[in-house]
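The values are calculated or read from the model by the stated rules, or taken from the named source; none is laboratory data. These numbers come from a predicted model, not from an experiment. Backbone-built Cβ (ideal geometry, glycine too); neighbour counts: all protein chains shown.
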Amino acid sequence: MPLSLRYIKELSAAKIDYKGLHIIDLTSLVYSLRIDSAMQYLENERKSKMSKRGIAEYRPATEADFDAL
């Protein structure tokens, strides 16, 4: 299957109107969707690993936290 057709199918599945777009625009949109999907996956994996270890949330350390050490 041609690459452009795969891109069109992927954009159609995401309900994005691809008509009238140049192949470069299609490519950019597809990779943007893939990056967003990968970021969501990594965030879910991070949350899953934290919950397995019993960590509810994390926050950056403040100066007071270092002083308390």
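Which of the residues spanning the range 43-59 are modelled with pLDDT under 90 and either surrounded by fewer than 10 Cβ atoms within 10 Å (Cβ to Cβ) or not hydrophobic (A, V, I, L, M, F, W, C) (or both)? I'd like the intermediate steps shown before the answer.
Taking the range 43-59 first, the residues modelled with pLDDT under 90 are 55-59.
56, 57, 58, 59, listed by residue number.
Would you mind telling me which numbered condition in (1) surrounded by fewer than 10 Cβ atoms within 10 Å (Cβ to Cβ); (2) of a type in the set (A, V, I, L, M); (3) part of a helix (DSSP H, G or I) residue 35 fails?
Result: residue 35 passes all but (1).
Might you check whether a residue that is without any contact (Cβ under 8 Å) to a residue 60 or more places away in the chain and not in a helix (DSSP H, G or I) occurs anywhere in the range 40-54? If you could, list the steps in order and put the result at the bottom.
Going residue by residue through the range 40-54, those that are without any contact (Cβ under 8 Å) to a residue 60 or more places away in the chain are 40-54.
Right, trim to not in a helix (DSSP H, G or I) and you get 53-54.
Looking for residues that are without any contact (Cβ under 8 Å) to a residue 60 or more places away in the chain and not in a helix (DSSP H, G or I), one finds at least one in the range 40-54, hence yes.
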